[in-house]
1. Normalised by the residues of the chain, what does the relative contact order come to in percent, with Cα pairs under 8 Å and at least six apart?
2. Taking Cα pairs under 8 Å and at least six residues apart, what relative contact order does the stretch 1-149 come out at, in percent?
3. For helix 161-171, report the angle its Cα long axis makes with the longest principal axis of the Cα atoms of the chain; keep it between 0 and 90° and round to the nearest 10°.
4. Roughly what angle does helix 217-226 make with the longest principal axis of the chain, taking Cα atoms, 0 to 90 degrees, to the nearest 10?
5. Report the far tail of the P(r) of the stretch 63-160, meaning the percent of Cα-Cα pairs longer than 16 Å.
6. Please return the longest range in the chain lying between exposed loop sites, taking trypsin sites (Lys or Arg not before Pro), DSSP loop only, at most 10 other beta-carbon atoms within 10 Å, and leaving the sites out.
7. Restricting attention to the alpha-carbon atoms of the stretch 120-173, what are Rg (one decimal) and Dmax (integer), both in Å?
8. May I ask for the equivalent-ellipsoid semi-axes of the chain, computed as the square root of five times each C-alpha gyration tensor eigenvalue and listed largest first in whole Å?
Amino acid sequence: MKRTIMALALLTAAVALFFGLAPLVGYRIFHLGVLLLLLYGVGVILLLVFWDAFPDMMFPGYPKEQLFWWRVTRGILAGLLAAVLAGGCLVSIPMIRAGRLNRPPEGETATVVVLGCLVRENGPSLMLRYRLEAALQYLLDHPDAPVVVSGGQGPEEPTSEAQAMADYLMANGIKEDRIYKEDRSTSTRQNLELSAAVIREAGLPERLVIVTDSYHQLRGRIYARLQGFGEVYGVSGRCPWGLFPSYGVREMLAIGQAVLLNGGSLW
């Protein structure tokens, strides 16, 4: 039994390290989710290495059965690591539901809200292009749907995210009179707060289709619900498989903030 648990723990550490290193090696991306995966993987491996070896290394010749404090400490550390893993698995259930199992019903008019992401000197970043591709396909399939592009201008961005998204959609056949710009927001919460004002001022349908990354859909849904929107669906852009776990881990922290500090609901 002990060997099985150790093997599963080692496998968990290997997966965490792999998906922590993938963004660094493959995409030169580093953020909090990457750091947390690396720390988790290293933490599990260190605990496995020192599980039985620590007393002999630090106190050679001392009876291991008398080192009660180490048995308590390693038990607490193992419990914390297991709790983090279990919590992540639990939160991933509503994340998957919102990101992949919440497609909008056909035959009902909805307002599309595209959440912004980084704009570079040469145009939308990779993640924003994926969102825009998904939004464009939905808008072409639903020619009556208006769209709100939401995102302000960061200090290193050449234009607002809303303007970059509007330019992309117009260049690909979406008429300007279908596009509404919200160009002041700097966070997901503001995306939905300020987009809600645009939607209600323009009298657009209050059935929403949020377009963003799949791991980001739950937080968008939470903030949309907090703005009073009852019907909130999602259309998700692609995400490179090597980036998904690290962004998902980072997103879990933001979801915790949305629920604990802002009164949102996971369901």
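Values in this text are rule-based calculations from the coordinates and carry no lab data. Note that this is a predicted model, so its numbers are computed, not measured. Don't worry about glycine lacking a Cβ; one is built from the backbone with ideal geometry, like all the others, and counts go over all protein chains shown.
1. Reported as a whole number, the value is 22 percent.
2. Relative CO of the stretch 1-149 lands at 15 percent.
3. 60 degrees
4. 60 degrees
5. Percent of Cα pairs beyond 16 Å in the stretch 63-160: 73.
6. For trypsin sites (Lys or Arg not before Pro) (loop position, at most 10 other Cβ atoms within 10 Å), the longest site-free span of the chain is 29-174.
7. 11.3, 35
8. Over the Cα atoms of the chain, the ellipsoid semi-axes are 45, 19, 15 Å.
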